[in-house]
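The values are calculated or read from the model by the stated rules, or taken from the named source; none is laboratory data. Just so it is clear, the model here is predicted, and its values are computed rather than measured. Here Cβ is always computed from backbone atoms with ideal geometry, including for glycine, and neighbour counts include all displayed protein chains.
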Amino acid sequence: MTELRVGVIGAGVMGSGIAQTLAVAGYETVCCDPDPAALERAQTGVVSGRFGLEGAVARGKLTRDDMRAALGRLTWSDELAMAAVSDLIVECVPERLELKIRVFRELDRLVKPTAILASNTSGFSIAALAAATDRPERVVGWHWASPPPVMKFAEIVASESTAESTIETVCEVARACGKNPVVIKDNAMAWGFVANRIYFAMLREARAVVGEGVASREQVNQLMVDCFRWPVGPFAMVEGATSGWK
């Protein structure tokens, strides 16, 4: 078990899955969300959701003891201040820039001076988030894919101010979680970094195909799975990432 402590801000589909993944990897993790109902859903999902711990035990990915140990490392709270002791914070609040900036300002005030602030944003400029803090060298993007416990994707986004030591620490944690970190450059001129810019281009064309009456959404999904061996099609990916995997 590592001594590094991690805070996850937001207990939605992504936040809860990220918290679960970190706890399984051996990190003491606290997941914070101001909504008690969101915390309740998250706790249920971590245990019995499609990609929850019970399923991992059933598939032989974890032992029952592993599951109990991971749950023992995972704390839930409706107070942001509970993350103050963390060495690394992963922000997973809804994709609204003004909200993320507000959260980063508050975290910068609460957490220890050496703490790293990482954002799971799908495409907002990391430099813009870093500018809301007094620690731009310790701000980085860590974009996860849904569902977090399964996908090996780890898009690590560095601004011009991000320190090399910050990148190294986040990459080390990502690898400990079984992910494959790829470090890319922040780009304030385009939304979406790498994965989402390419994905959105594909999704635009998929919607055009359906709009032209060439194929249904279900047919597009199936063709992409069969041709390119994707786990799900483009429309199914949107549904899963936004409302959870049933």
Which numbered condition residue 184 fails, given (1) more than 20 Å from residue 10 (Cβ to Cβ); (2) in a loop (DSSP other than H, G, I, E, B): (2)
Here are some residues: 171, 227. Which one is without any contact (Cβ under 8 Å) to a residue 60 or more places away in the chain and over 26 Å from residue 128 (Cβ atoms)? 227
Residues of segment 55-83 satisfying the condition of being without any contact (Cβ under 8 Å) to a residue 60 or more places away in the chain and closer than 20 Å to residue 36 by Cβ: 71, 74, 75, 77, 78, 79, 81
In segment 15-50, the residues that are within 18 Å of residue 174 (Cβ to Cβ) and surrounded by fewer than 20 Cβ atoms within 10 Å (Cβ to Cβ): 26
Could you check residue 83 against (1) modelled with pLDDT under 95; (2) surrounded by fewer than 18 Cβ atoms within 10 Å (Cβ to Cβ); (3) under 22 Å from residue 169 (Cβ atoms) and say which number it fails? (2)
The residue that is nearest to residue 157 (Cα to Cα), considering only those in segment 198-214 that are under 24 Å from the mean Cα position of the chain (by Cα) and free of Cβ contacts under 8 Å to residues at least 12 places away in the same chain, is 198
In segment 61-80, the residues that are surrounded by 14 or more Cβ atoms within 10 Å (Cβ to Cβ), of a type outside the set (D, E, K, R) and assigned to a helix (DSSP H, G or I): 67, 69, 70, 71, 80
Residues to consider are 172, 205, 218, 239; find the one that is under 30 Å from residue 27 (Cβ atoms), modelled with pLDDT of 95 or more and either assigned to a helix (DSSP H, G or I) or of a type outside the set (Val, Ile, Thr) (or both). 172
Count of segment 127-168 residues which are touching a Gly at 6+ places or on another chain (Cβ under 6 Å) and either without any contact (Cβ under 8 Å) to a residue 12 or more places away in the chain or not in a loop (DSSP other than H, G, I, E, B) (or both): 1
Within segment 98-109, identify whether any single residue is in a loop (DSSP other than H, G, I, E, B) and either charged (D, E, K, R) or over 22 Å from residue 83 (Cα atoms) (or both), and answer yes or no. no
If you go through segment 157-176, how many residues are hydrophobic (A, V, I, L, M, F, W, C) and buried (at least 22 other Cβ atoms within 10 Å of the Cβ)? 4
Would you pick out the residues in segment 26-60 that are in a helix (DSSP H, G or I), over 12 Å from residue 13 (Cβ atoms) and of a type outside the set (Asp, Glu)? 36, 37, 39, 43, 44, 47, 48, 53, 55, 56, 57, 58
Out of all the residues in segment 12-24, is one or more farther than 30 Å from residue 191 by Cα and part of a helix (DSSP H, G or I)? yes
Test residue 206 against the criterion of being surrounded by 15 or more Cβ atoms within 10 Å (Cβ to Cβ) and more than 30 Å from residue 89 (Cα to Cα), and give yes or no. yes
Which condition does residue 191 not pass, out of (1) touching a His at 6+ places or on another chain (Cβ under 7 Å); (2) modelled with pLDDT under 95, if it passes all the others? (1)
Within segment 18-44, considering residues that are more than 16 Å from the chain's Cα centre (by Cα) and of a type in the set (Asp, Glu), the one nearest to residue 78 (Cα to Cα): 35
